[in-house]
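Each reported figure results from applying straightforward, stated rules to the coordinates on display, with no laboratory input. Only a predicted model underlies this, so the values are computations on that prediction, with no experimental measurement involved. A quick note on method: Cβ atoms are made from the backbone with ideal geometry, for glycine too, and the neighbour counts reach across all protein chains shown.
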Amino acid sequence: MKPQVSGTTEEEDTLLALHIVEGIIDFTLPGVDGKQHSYADYHDQSILVLIFSCNHCPYVRAWEDRMIAIQQDYADKGVQLIAINANDASKYPDDSFEQMQQRATEKGFNFPYLHDETQQVAQAFAAQRTPEVFVFDQQRRLRFHGAIDDHFEDPEKVNNHYLRQTLDALLAGETPAIQETNPVGCTIKWK
């Protein structure tokens, strides 16, 4: 059965990157905390949420507080959010590793913020946007891909909390009602 996709046409559905229930792609990346992070470091987490992110994109900036709140609300339930910045810092200096460290400190990120300088991880996931969400279950199968919610500008106008709804369903042992949405945001800045 094809997963339900929200906010896309049938033609757009075929363009979405990974197929639901595919496994996670191995990665090891440096974090703004000075440590190397691998998806295997989080083997004890029930759910792993990867969000391709950056510093300068207005969509990311609009969703950052919601990302922090989601990590805070779900951390004790075994959910780990990880943000990954793959933008070309030579063309977009605001996305340099040093600026990532500064942004994480300023905003009080409560999740790892990793630097994909080679862009290999973003390419492996076929990520295209910032922010772009990939949710993996305990077996590290992809269970959701897309947007955080349906209204980046105003949290009060959100009708569909895609990420929260996905987490709630997975934690309840259920299949998420919406498994894929069209990610909304800035394009990843490729080298």
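Laid out as a table, the results:
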item: Nearby aspartates and glutamates by direct alpha-carbon distance to Lys191 (threshold 14 angstrom, same-chain neighbours under 8 apart not counted); result: Asp88, Asp95, Asp116, Glu117
item: Rough spin-label spacing in nm, given labels placed 7 Å along Cα→Cβ, for Ala126 and Ser90; result: 2.8 nm
item: Full-stretch length increase - Asp154, Ala172 - with 0.36 nm per residue and alpha-carbon distance subtracted; result: 3.7 nm
item: Spacing of the two label points (7 Å from each Cα toward its C-beta) at Asp65 and Thr118, in nm; result: 3.8 nm
item: Antiparallel bridges, percent of DSSP beta bridges restricted to the chain (to nearest 5); result: 55 percent
item: Sorted peptide list for 47-53, 175-181, 100-106, criterion being average Cβ within 10 angstrom, highest first; result: 47-53, 175-181, 100-106
item: The chain: projected area of the alpha-carbon convex hull, averaged over directions, in nm²; result: 10.2 nm²
item: Candidates Ala124, Ala147, Ala86, ranked by Gaussian network fluctuation over the chain, Cα under 10 Å, top entry; result: Ala124
item: Mean Cβ neighbour count within 10 Å, used as a protection proxy, ranking 157-164, 38-45 highest first; result: 157-164, 38-45
item: Compactness of the range 61-152 - radius of gyration and Dmax, Cα, Å; result: 13.5, 39
item: Bins of 10 Å from zero: percent of alpha-carbon pairs in the range 20-96; result: 16, 44, 35, 5
item: 19 Å tail of the calculated P(r), the range 126-191, as % of Cα pairs; result: 35 percent
item: Proximal lysines to Lys189, defined as alpha-carbon separation beneath 25 angstrom and excluding residues fewer than eight positions away on the same chain; result: Lys35, Lys91, Lys107
